[in-house]
Amino acid sequence: MEMGNRQVTQSHYGAPDVLEVREVPRPVAKHNEVLIQVKAVSVTLADCAFRQADPFVTRLFNGFLRPRKLVLGSDIGGVVAAVGRDVTRFAVGDAVFGSIGSALGGCADYVCLAEDAAVVRRPEGLDAGDAAGLSYAYLTAMPFLRDAAQLKQGDRVLINGASSSIGVIAVQLAVHFGAEVTAVCSARHAGLIRSLGATHVIDRHAVNFTTAQNAYDVIFDVVGKSSFRRCKAALRQGGIYLTTVPSPATFWHMLSTRKSARRAQVMLTGLRPALDKHKDLLQLVALVQSGAVRPVSDRCYLLAQVAAAHAYVEAGLKSGAVVVEMA
Ligand SMILES: NC(=O)c1ccc[n+]([C@@H]2O[C@H](COP(=O)([O-])OP(=O)(O)OC[C@H]3O[C@@H](n4cnc5c(N)ncnc54)[C@H](OP(=O)(O)O)[C@@H]3O)[C@@H](O)[C@H]2O)c1
């Protein structure tokens, strides 16, 4: 049994200091699996939510009293270290990235994934950290904008939380779809968000965007800080309000507005089938290669600093992705 596999584990829910680094045996790839040496893993508000079981709904997926999945981390960049005997898509040494999804476990030196998991080759020039950040943000933002909003040329879209990990990619995707983008963020992030193509930038500390009337086809609240009720009047006829944060209120608004002129929708993108995510990652690679989407990264931490990474993410001050590098 080979050792040399560090994992970040937690035996109970709580603050960042519940996270511990421990050494465990390296997993062995089954016949249809690849063993990936993780180079970087993204640290997100979703990880923080699972770590502390807040919101409560995370306990439905990860255990009521104690976490069932002890190792967090869903989006990774790495290199294929070994392949099972039936694997045809990957070879040892391939640079890869992608999403483990709700199975989690990416915050480790090594992880085994089925070869048809949501993992693809990393394009030249995209490092493991940027790739891990892109995977998380793109696989969340794209289904909202493409599938729920069916965004098209000329649509007016407002993105609240534009400087968040998901927001910086949502802005670029909306621009790519040909929408006119109004971005809401702090003034200190306005330059960054303009550079990503937003036409209008609203300083969230100076202006309450929800007072607009009949202004947007799509309001995408990436950080889930508003509500359908407050945003409804700002939507145009046929408009849709999207939020990433599930709650009883968002589910109720989604059900009760299904046939209304102004609708609400929440999605749990992490639960999408791996095959769909795999296809989306291939499209992401094409968008990165064409220059339509670029990674936006904030801080990079070492594995030993994983608790500090969680604390920084929770502070809500970052712009773009935060990653932990394993080396
Ligand atoms: N539904 C799903 O399937 C799904 C999947 C993944 C993640 N999520 C959820 O998506 C949410 C966003 O995740 P993320 O990783 O993109 O977040 P993040 O990067 O951690 O967001 C941080 C940014 O949010 C902005 N912000 C903070 N408070 C705000 C407020 N009151 N109004 C507007 N912006 C505010 C701040 O930017 P400024 O200071 O510039 O405003 C901050 O830099 C999380 O709640 C996560 O759990 C949902």
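The values are calculated or read from the model by the stated rules, or taken from the named source; none is laboratory data. Because the structure is predicted, anything quoted here is derived from the model rather than measured. Don't worry about glycine lacking a Cβ; one is built from the backbone with ideal geometry, like all the others, and counts go over all protein chains shown. We work out accessible area using only protein heavy atoms, side chains counted, and drop any ligands, DNA or RNA first. Shrake-Rupley method; radii C 1.70, N 1.55, O 1.52, S 1.80 Å.
Some points to look at:
- Test for Val8: is it open to solvent by less than 10 Å² (accessible area, probe 1.4 Å) and touching a residue at least 60 places away in the same chain (Cβ under 8 Å): yes
- Cβ pairs under 9 Å, 6+ apart, first in the range 211-237 and of a type in the set (D, E, K, R), second open to solvent by less than 10 Å² (accessible area, probe 1.4 Å) and part of a helix (DSSP H, G or I): Asp221/Cys231
- Of the strands (runs of 3 or more DSSP E) contained entirely in the range 214-320, those carrying at least 3 residues that are open to solvent by less than 30 Å² (accessible area, probe 1.4 Å) fall at 216-221, 235-243.
- So Ala103, is it open to solvent by 40 Å² or more (accessible area, probe 1.4 Å), without any contact (Cβ under 8 Å) to a residue 24 or more places away in the chain and over 25 Å from Leu196 (Cα atoms): no
- Here Ala321 clears all of (1) of a type in the set (A, V, I, L, M); (2) at pLDDT 95 or above; (3) away from the ligand (no atom under 15 Å from the Cβ) except the condition numbered (3).
- Conditions (1) part of a loop (DSSP other than H, G, I, E, B); (2) polar (S, T, N, Q); (3) more than 17 Å from Val293 (Cβ to Cβ); number of the one not met by Thr182: (1)
- Residues that are surrounded by fewer than 17 Cβ atoms within 10 Å (Cβ to Cβ) and either under 23 Å from Val223 (Cβ atoms) or not assigned by TED's automatic domain parsing to the domain that holds Asp116 (or both), drawn from the range 15-48: Ala15
- For the range 261-291, the set of residues classified as of a type outside the set (Lys, Arg) and away from the ligand (no atom under 16 Å from the Cβ) consists of Ala261, Leu275, His278, Leu282, Gln283, Val285, Ala286, Leu287, Val288, Gln289, Ser290, Gly291, listed by residue number.
- The number of residues in the range 66-97 that are surrounded by fewer than 20 Cβ atoms within 10 Å (Cβ to Cβ) and among the small types (Gly, Ala, Ser) comes to 6.
- Taken over the range 193-203, the criterion of being within 20 Å of Asp298 (Cα to Cα) and assigned to a loop (DSSP other than H, G, I, E, B) is satisfied by Leu196, Gly197, Ala198.
- Filtered by the rule that a residue be touching a residue at least 40 places away in the same chain (Cβ under 8 Å), open to solvent by 10 Å² or more (accessible area, probe 1.4 Å) and part of a loop (DSSP other than H, G, I, E, B), the range 162-179 gives Ser163, Ser164.
- Top-ranked residue in the range 180-204 [being open to solvent by 20 Å² or more (accessible area, probe 1.4 Å) and in contact with a helix residue (DSSP H, G or I) (Cβ under 7 Å, 6 or more places away or on another chain); ranked as farthest from the ligand (Cβ to nearest atom)]: Gly197
- Breaking point among (1) within 12 Å of the ligand (Cβ to nearest atom); (2) over 17 Å from Arg122 (Cα atoms), for Ala304: (1)
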